[in-house]
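Report on one structure; see the data block that follows.
Derivation of every value follows stated rules applied to the coordinates shown; laboratory data play no part. Keep in mind the model is a prediction, meaning the values are calculated, not measured. Glycine gets a Cβ as well: all are built from the backbone with ideal geometry, and neighbour counts include every protein chain shown.
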Amino acid sequence: MSERETTACLPSVSVIIPTHAGRDRLASVLPPLFEDPATREIVVVVDGSTDGSLELLQERATADSRLRPLFIEGRGPSGARQVGVEAATNEVVLMLDDDLVAEPGLVTGHAKHHATAEGIVVIGYYSHRSESKRHPGSFPDEIYADAYRTSWEAYAHDGDQALIHLWGGNVSLRRADCLHVGVQSDAFYCRHHEDQDFGIRCLEFGLRGIADRSLSARHLHNRSVGSFIRDARDDGAGTMLVHLLHAHVVGPPDISRFSVGLPLAARLMVRLSRRRAVERVAAAVLLRSVRVAGWVRMFGLETNLARLFRRIQQQRGALELLASHPRHGSE
């Protein structure tokens, strides 16, 4: 049987890509998806961008009718995915981030899983580019990649755990299941960990997780130091909201999680930083130390100090979320 005949026997797939300020990335992301014979449709949802993304997509759609550009105003990644899934016209939706470049056969590989089973969520892998030469301020990409690999190694052998700790961005499921679960949840209002919330709701709906490392995409992650700083508090807040909403699955909120696994001195610093005045001083000192370590090219120290800074900022975001959340306040 030829490749085309094999593909014709598979469930049809719509690729859903939310994007914001992603014009340059899309130029790399789209071509391998068009080349995959299982790609029936690519729905790219431009979320409030005025960087020319929509115009680029509209121009490319004239050359390939499988591309369907949509525009929405500032609904965030999960809101954009929800719009894309609702607009999709095929049996399976493959949700990809706009900074993931599919390796050959990615879409076909997802489709093959759905051809053999129903009620599943298929979780693909991100490969991270390795910098041959470190430079000051490049630690955000290293920290992100390490966190991802650690999570994958811990949970990929257990599909349900992979759902509970879901890293979205390379995930597929039947469109009907996705619409029942809902990508976007009104109860989850944080910018980070909305994919974990979605994965837990998929599990509660009765879906099974299947993690397949062979379904790989190359990650174009390029996080600035400024984004790293801003994202840390959002990450901590999202973590706490997951625990508040799904305590029966992941356990109740526990602020001590942010000091677990650290050396004694670092652990004490994180715990003392629960006091706002201490946190401000510690964060300022650590951030300056991170920059100095980078300037003098002590990259191991730069990364370790950045990890500690991140823990303190995550903890601050978690504390602020807990203080403001009505469910926690009423307990």
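Points worth noting:
- For the stretch 61-162: relative contact order, % (alpha-carbon pairs under 8 angstrom, 6 or more apart): 13 percent
- Once the mean of 1/r is taken over each pair of separate Cα atoms and inverted, the stretch 18-163 shows a Kirkwood hydrodynamic radius of 17.0 Å.
- Gyration tensor (Cα) of the stretch 174-259, equivalent ellipsoid semi-axes in angstrom: 24, 20, 13
- The average projected area of the chain, computed from the convex hull of its Cα atoms over all directions, is 18.0 nm².
- For the stretch 94-147 versus the stretch 240-281, the gap between their alpha-carbon centres in whole angstrom: 28 Å
- Among beta bridges from DSSP that stay inside the chain, the antiparallel ones total about 30%.
- 12 Å beta-carbon shell around His192, net charge (K/R +1, D/E -1): -3
- Mean projection area, nm², convex hull over Cα of the stretch 157-300: 11.3 nm²
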